[in-house]
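What follows is a set of notes on a single structure, which appears directly below.
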Amino acid sequence: MPKSKMKRKPLVVVTRKLPDVIETRLMELFETQLNLDDKPMSQAELVDAVRKADVLVPAVTDRIDAGVLSQAGENLRLIASFGTGVDHIDLATARARGITITNTPGVLTEDTADMTMALILAVPRRLTEGERLLRSGEWTGWSPTSMLGHRIWGKRLGIVGMGRIGSAVARRARGFGLSVHYHNRRRVHKELEQELEATYWDSLDQMLAHMDIVSVNCPHTPATFHLLSARRLKLLRPHAYIVNTSRGEVIDESALARALESGGIGGAALDVFEHEPAVNPKLLKLDNVVLMPHMGSATVEGRVDMGEKVIINIKTFADGHNPPDRVIETMF
Ligand code: 8YV
């Protein structure tokens, strides 16, 4: 918790290139060190950053682990992360050192849900496969039996994690005629369940065994690491599709690649990977897999809104108040 207003302009170190309008405002308000080349920082460069900064603005590509945090200077009071997920930050070590963590929740919900819906459509309807065929020059024209996919209307969608993004996916899915099912740590409020016409499954195992499409929308935490394990992937029906716009670590990626290769499941659409930017080479070879380079929230509007949140969090903190988007470990 901030004890008092910062006496001078805080030194804010930003680890990645942000939208120009955000960088300009950061420089107006604070003493700001930008990363105009956008070259991801090494662990040694992150250590340098936390040694001098009053405020660090990292992103998902920075590993702010105990090794980095243990070398932070006394001045480092706030980590205002540019993004919603905070699995790249060692929250316990930060708390022990009295460092406040903020994130940018809410402003990328709709964009991420749009991407999820696009991926829910992309695999059953073979969108990227069709595009590849056309661009290859091998398309010989329409035929009654070519490029047949599967209808999604009337199918069952199982959402793993019914938070903001999961709910936004559910709203879209209903418009496409999918029936909505979900598994969550806690059952959501009755009103929300009714609005979404969503069926709650206490048992993830049971839900997986009955779904046509599964969408992963929970955060990555120690409790959700490999939540979709090799054992659970085997519970899915052979025609089922998996969509992941959350974090790669929630699915055992090697087990998923094996299941896709062997026909254990019907297909997958992945925007996130366990070892980004590396992607399991088996996945790259499969036609029933749609792969995206972590662009679920990649809209101009979303990035500016995220930057605005970062600024508000830093400014509020520097003025001696509790920033609006403080991350409390139990939230994740
Ligand atoms: C962001 C994300 O682009 O906010 C998140 O958790 O996964 C992404 O959509 C990224 O985190 C920015 O740091």
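What translational diffusion coefficient, to the nearest whole µm²/s, does region 109-291 have by Stokes-Einstein, given a Kirkwood radius computed over alpha-carbon pairs, a temperature of 4 °C and 1.567 mPa s viscosity? Once the numbers are plugged in, D ends up at 78 µm²/s. Restriction of the GluC sites (Glu not before Pro) in region 68-142 to DSSP coil positions whose beta-carbon has at most 10 other beta-carbons within 10 angstrom yields E74, E138.
Loop-located chymotrypsin sites (Phe, Trp or Tyr not before Pro) in region 72-168 (DSSP state other than H, G, I, E, B) with a sparse environment of at most 10 neighbouring Cβ atoms within 10 Å: W142, W153.
Exposure proxy for V14, V107: other Cβ atoms within 10 Å of each Cβ, ordered fewest to most, give V107, V14. Which percent, to the nearest 5, of DSSP beta bridges fully inside the chain are antiparallel? Looking only at bridges with both residues in the chain, the antiparallel portion is about 5 percent. For L133, the shell of other residues with beta-carbons less than 15 Å away shows a net charge of 0, using +1 for Lys and Arg and -1 for Asp and Glu. Using the empirical formula 2.2 N^0.38 Å as the baseline, the Cα radius of gyration of the chain reaches a ratio of 1.08. For K315, the lysines whose Cα comes closer than 23 Å to its Cα, not counting residues fewer than 8 places off in the same chain, are K3, K5, K7, K9, K17, K52. Helix 43-52 axis versus longest C-alpha principal axis of the chain: approximately 40°, rounded to the nearest ten. Partners of K190 within straight-line reach, counting lysines whose Cα lies under 24 Å from its Cα and excluding those fewer than 8 residues away in the same chain: K155. Under 13 Å from a label point set 7 Å out along the Cα-to-Cβ vector of R231, the amide N atoms of region 184-221 belong to 204-206. Full extension of the segment from R135 to A209, taken as 0.36 nm per residue of separation minus the current Cα-Cα distance, would add 22.9 nm. Derived from the Cα gyration tensor, the three semi-axes of the equivalent ellipsoid of region 87-129 are 37, 12, 5 Å, largest first. The angle separating the long axis of helix 164-175 from the principal Cα axis of greatest extent in the chain is about 30 degrees.
Per-residue Cβ neighbour counts within 10 Å put R185, R97, R247 in the sequence R185, R97, R247, beginning with the fewest. Computed from Cα positions, the angle between helix 127-136 and the longest principal axis of the chain comes to roughly 80 degrees. Around the amide H of T32, modelled in the peptide plane, lie the amide H atoms of V12, all under 5 Å away and 5 or more residues distant in sequence or on another chain. Based on the Kirkwood approach, the hydrodynamic radius assigned to region 15-168 is 19.2 Å, with every pair of different Cα atoms included.
No value in this document is a laboratory result; all are computed from the given coordinates. Everything quoted here is computed from the prediction, not taken from an experiment. FYI the Cβ positions are ideal-geometry reconstructions off the backbone, even for glycines, and counts take in every protein chain you see.
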